[in-house]
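The values are calculated or read from the model by the stated rules, or taken from the named source; none is laboratory data. Remember, predicted model here, so these are calculated numbers, not experimental data. Neighbour counts run over all protein chains shown; Cβ positions are idealised from the backbone, glycine included. Note: areas computed on protein heavy atoms with side chains; ligands, DNA, RNA excluded. Shrake-Rupley method; radii C 1.70, N 1.55, O 1.52, S 1.80 Å.
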Amino acid sequence: SITDSSCIGEIACLGSEIDDVISGKSCDKRLSCFYVYAKSITDSSCIGEQACRSLVSYYGETPNVSSGSCVGYRACYYAGFYGVLGPSISASCKGDDSCHYAGYSGSVGDLVDSCNGDSACQYMGYAGSVGNVMNGCNGDGTCQSVAYEATQSVSAIVDCCNAPDGFCAGVESNDGLVAADPTCKAGVNLADTLALIEEESESDTSPFTEKQLCYGKTAVENTVASLSKGHSTAAVRYGVNKAFEDLGCDDKSDSEICIFLNDALEILQL
């Protein structure tokens, strides 16, 4: 359904398929939501000529665009471009061409409070893979063409690569990301830890109990959220410590999960 004075402008929402709603004065300007495939577009999102034109995630979940995202000329133009994007775009992609082709035949995770600035994340996943971007890549051109034609991937960009200090355009791997902005390392470690916990959850020979993995995963997810919101180092360190304890890492020092968590603690103590 379309509500709240949305879809204003020449053929603004022509051909669009929306699972839920377009609301909150979204899709304003010519071709702003032309042939969009999304779950919802809300909160004054997709504002500007061709802002969300043909935004779609063909091989992932249908995107939710919210909190004033995709604002500017071609801000989220072709945002999934035959790859995976999202499913969440929240308070992100504000600026001309800010997330233009963001998934571009590769994969990009959720965009939260990120990619705000002209060309900030343009071509971001260009045939490569980028995990969630949370409070990162804010500033003109800061993360343009991350993972560009890469055989490796970037696990996550959390609370880093923000102008003026962080500039991560063109990095192709976690090592390249951390070299460009060392403050990215904690987010990378935590993202890799979550991936390993998922793997352990499916293993019949895991040294961890189901309860340990469940509690440990929750603690790591909460810690990533704290990091992305700019909470104090002490708060983030508390979360890593809790995950370490919930997983029983004191007697599993050779586990890759526990090694990643220990590394994260060392980073946070620097």
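Any chance you could count how many residues in region 97-108 are open to solvent by 10 Å² or more (accessible area, probe 1.4 Å) and touching a strand residue (DSSP E or B) at 6+ places or on another chain (Cβ under 8 Å)?
2
Give the residue, chosen from A79, A12, A38, that is crowded, with 21+ Cβ neighbours inside 10 Å and without any contact (Cβ under 8 Å) to a residue 24 or more places away in the chain. Working first, answer last.
Numbers: A79 fails: without any contact (Cβ under 8 Å) to a residue 24 or more places away in the chain; A38 fails: without any contact (Cβ under 8 Å) to a residue 24 or more places away in the chain.
Matching residue, one of A79, A12, A38: A12.
Can you pull out every residue in region 121-147 that is in a strand (DSSP E or B), open to solvent by less than 10 Å² (accessible area, probe 1.4 Å) and modelled with pLDDT of 95 or more?
If we filter region 121-147 for residues that are in a strand (DSSP E or B), which is where we start, we get 129-130, 133-134.
Narrowing further to those that are open to solvent by less than 10 Å² (accessible area, probe 1.4 Å): 130, 133.
Of everything in region 121-147, just one residue is in a strand (DSSP E or B), open to solvent by less than 10 Å² (accessible area, probe 1.4 Å) and modelled with pLDDT of 95 or more, namely V133.
Would you say V112 is open to solvent by less than 10 Å² (accessible area, probe 1.4 Å) and among the β-branched types (V, I, T)?
Details: open to solvent by less than 10 Å² (accessible area, probe 1.4 Å): no; among the β-branched types (V, I, T): yes.
In short, no.
A243 fails exactly one of the following numbered conditions: (1) at pLDDT below 95; (2) in contact with a Cys (Cβ under 9 Å, 6 or more places away or on another chain); (3) among the aliphatic types (A, V, I, L, M). What is the number of that condition?
(1)
Pick from region 151-177 the residues that are touching an Asp or Glu at 6+ places or on another chain (Cβ under 7 Å) and more than 24 Å from A75 (Cβ to Cβ): which of them is surrounded by the most Cβ atoms within 10 Å (Cβ to Cβ)?
S155
Mind checking which residues of region 178-203 are free of Cβ contacts under 8 Å to residues at least 12 places away in the same chain and either open to solvent by less than 50 Å² (accessible area, probe 1.4 Å) or under 11 Å from V220 (Cα atoms) (or both)?
Of everything in region 178-203, those that are free of Cβ contacts under 8 Å to residues at least 12 places away in the same chain and either open to solvent by less than 50 Å² (accessible area, probe 1.4 Å) or under 11 Å from V220 (Cα atoms) (or both) turn out to be V178, S203.
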